[in-house]
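Some notes on the structure that comes next.
The values are calculated or read from the model by the stated rules, or taken from the named source; none is laboratory data. Model, not experiment: these values are computed from the prediction. Positions of Cβ are backbone-derived with ideal geometry, glycine not excepted, and every protein chain shown enters the neighbour counts. Ligands, DNA and RNA are stripped out before the accessible areas are found, and what is left, the full protein with its side chains, is counted by its heavy atoms. Shrake-Rupley method; radii C 1.70, N 1.55, O 1.52, S 1.80 Å.
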Amino acid sequence: MNFKKLIEELKRRNVFKVATAYAIAGWLIIQVVTSISEPLSLPDWFDTTTILLVFIGFPIALIIAWAFELTSEGLKKTKEIEVTDSVSTSTGKKLNRVIIAVLSMAVIFLLINRVFYAQSNSNSDDNGEMASIAVLPFADMSPKGDQEYFSDGLSEELLNVLAKVKEMKVAGRTSSFKFKGKNEDLKAVGAELGVAHILEGSVRKAGDRIRITAQLIKVDDGFHMWSETYDRNYSAENLFEVQDEISQQVLEELKIKLLKPKNEEVTAAKVPTKNTKAYETYLKGNQLLLNRKAEEIEEAIQLFKEAIALDDKFALAYARLAIAYAHLSIYGNIDIKKVPDLIRDNADRALLLDNTLGTAYAALANYYDLKLEFEKGKEANKKAYELEPNNSEIVMWYANSLGTEDAKLRTELYKKAYEIDPLAPVVITNLANDYLRNKKTEEAEALAKKNVELNPDYSGVDDMLIAMLRNPPNGKLDEAFIRTYKAYQQKPKNLKILGLLSVTALDLGLLSISKEAEEKLTKLYPENQITMSVHFENYTYEKNYAQIFEETDAVYDKYGITDGSEFKLATQLQRYDYNNQYADAVKYIEQYHPIYLSDTLTVPPYKLDMILAHLSVIYSKVGKDEMSNRFAELYTKKVKSDLKFDGAIDKEEIGPLFSLAYSAALSKDAVTTTNILNELYFNRKSKIRMYVYQDVDMVLRQIQVSKEYKDLSARVDADLSKMRINALEFLKSQGKWQDTNE
């Protein structure tokens, strides 16, 4: 075979040009089809079929190009046409134009595809989600190991700068710093933090030179996307300038690698202080707030004070000092009367120095809450959130300030805080509590167990699992008590465990155990509200009402709560009920709360609807039946407005059901009341504080003489007795109980 003649004949018959045109056109068809199949939801076989047809058509096209020729009279076999009559040259020119046209279309497609692909992925990781990153604490590799404050500070600076980039999800400090000093598998770290990239590095100081290395790693395959080494002259004076310079350079590199470049500038975080010792002290204090332990919060307060003494213009130290005082009032021991001023003073100083500091507004919110100005607190938290929307603590605090009317937003914020800081103990706790409110029990329990595993040193790590056992839908008071007592044996000074031990013991009638917890609380946390609450619960169980009222008056005097305050009204009515001073109760209402006597009153003037039920009982006792019935009607109207299932006992929520039982009791309807209480106790497992409902409650007392109520009370006592026996058997096994008359 003469290959030279064959090649010439292939050229003459335009086989090569047909092959080129077909190849380009076929490739373009495949690209277009595969690009549109997903957005158009075409079936999976469509792409495969198209590709097969294109490949099958290729040899067919070559055969046709060899065997046939396009003439003015149509397609004819090449062997039937004389060479002198052939129009293959003009056909070849047409094919050239076809090739150019198809090639142009292919180029245009590539450009369009590249642009749209870049846009769709400019803010995304490979999985189509927002670009995400965690900044792990930079390692101190200095020979003396004395640059930890610098390496931690650099990591925080990078976190603060990156958190300002709206197109990037940045894992929170608490979660990132969990991996400090640990040589964890980065893929596992990325999965735990929910990020696709990790920025890590090291700091090494020698003399007056410092070397900082940083590297960006893709967690799914460990690929090093970028790395850089920075050598700088170092001194105490230029510490923050170096941190700022490095963080800005890293940010620019990350914007190139992870984000579509933009013209907008992301400013560096403000230099918090130029005093390196103050900064190091501040960082230590900040870390001590993590686990909400009383002794650590107290130490943090001293460290923040030291930082301020070193630099009295350190705004962030003032803000965190204010936050620490708020924490101590909740988790530790401090004169609660002094706390509002301590918070306000330091929050104001922080805002005077830097009015863009979200943490300072969050601290201010704590002040308003302690002053019972909850709407102002909510607005302050909202302002903090607007300033620092990627600060997990601030996101969480804003969510905490929202009420049931903002339940949807509250849940969204808790989830956002968790996405930012999935390992932070307080963030986990708040999301778990929100799941409980929304009856997502399994999700709440999973988070509570995760917290126990990840954060065993967190002061509130045991609370939720205990509360879940104690509260509906479990109502396992014996198991809750046993778990609480075991936690108490391990952590005998833990504030919340002591509080839980006391109330859970009272649920089962174990007064001596509750007294033991009260004694420790009084010694360790005399000013804490949990201690105060335990005092009152024990007095209530013992029916020592005189002591309750005496101490309540002292509390009211301490906080400046006077007659006429809605916060004092409920206690005053209970005092009059206990002493059978119903005429005095009526005079008190006439003098301090005449709004209740208005002929136009249609809704409760305060949020405490129960006042209406109490007033109905009181006015009944003095023979003012018309007023008594009016209060009962107002209360019932409010109760019915909260019902979702028209009062169906087996469907309504626990809160409305309790109110419905009270409404029935006001009408002396013992059958309905006991039916509801039976549903609540035995079916919904709402079993806590039965000593109150059985003996103390003035509304339920209206039907306590009925046979129905006595029968129910006997069955409740039998059930409580079984659980109490289980708890006692456990205590005996621990050598912690001897038979007594209790």
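Couple of notes before you dig in:
- Dipole of region 344-451, positive direction: furthest Cα of Thr441, Ile394, Thr359, with charges on the beta-carbon: Thr441
- Stokes-Einstein D for region 502-593, Kirkwood Rh over Cα pairs, 37 °C, 0.692 mPa s (µm²/s): 227 µm²/s
- Share of Cα-Cα pairs in region 625-677 lying beyond 13 Å, as whole percent: 54 percent
- Relative contact order, whole percent, for region 594-646 stands at 32, derived from Cα pairs under 8 Å and 6 or more residues apart.
- Per residue, the accessible area of region 463-574 comes to 41 Å² when a 1.4 Å probe rolls over the protein heavy atoms.
- Of the cross-linked pairs Lys293/Lys486; Lys371/Lys607; Lys378/Lys440; Lys180/Lys491, those separated by over 24 Å at the C-alpha level are Lys378/Lys440; Lys180/Lys491.
- Whole-number accessible area per residue in Å² for region 629-742, which is evaluated in the context of all protein chains at 1.4 Å: 53 Å²
- Highest average packing first - 489-498, 319-328, Cβ atoms within 10 Å: 319-328, 489-498
- Along its three principal directions, the equivalent ellipsoid of region 681-741 from the Cα gyration tensor extends over semi-axes of 28, 12, 11 Å, largest first.
- Relative to the globular-protein estimate of 2.2 N^0.38 Å, the Cα radius of gyration of region 349-465 stands at 1.09.
- Of the peptides 460-466, 519-525, the order by per-residue mean of other Cβ atoms within 10 Å, starting with the highest, comes out as 460-466, 519-525.
- Cα-based Lys pair tally, region 653-742, threshold under 29 Å, eight or more apart or on separate chains: 18
- Expressed as a whole percent, the accessible surface of region 385-496 that belongs to carbon and sulfur atoms is 49, based on a 1.4 Å probe.
- Cut-off 13 Å between beta-carbons: net charge of the residues surrounding Asp625, Lys and Arg +1, Asp and Glu -1: +2
- Dipole of region 445-575 [Lys/Arg +1, Asp/Glu -1 at C-beta], most positive-end residue of Tyr488, Ala570, Tyr541: Tyr488
- Structural descriptor for region 512-616: relative contact order 14 percent, calculated from alpha carbon pairs under 8 angstrom and at least 6 residues apart.
- Per residue accessible area of region 269-351, 1.4 Å probe, in Å²: 40 Å²
- Potential lengthening between Ile649 and Asp711 on full extension [0.36 nm per residue; Cα-Cα distance subtracted]: 20.4 nm
- Maximal additional length on extending the Lys337-Glu295 stretch stands at 13.1 nm, based on 0.36 nm per residue less the C-alpha distance.
- Those lysines that a straight Cα-Cα span of less than 20 Å connects to Lys182, excepting residues fewer than 8 apart in one chain: Lys144, Lys218, Lys284, Lys450
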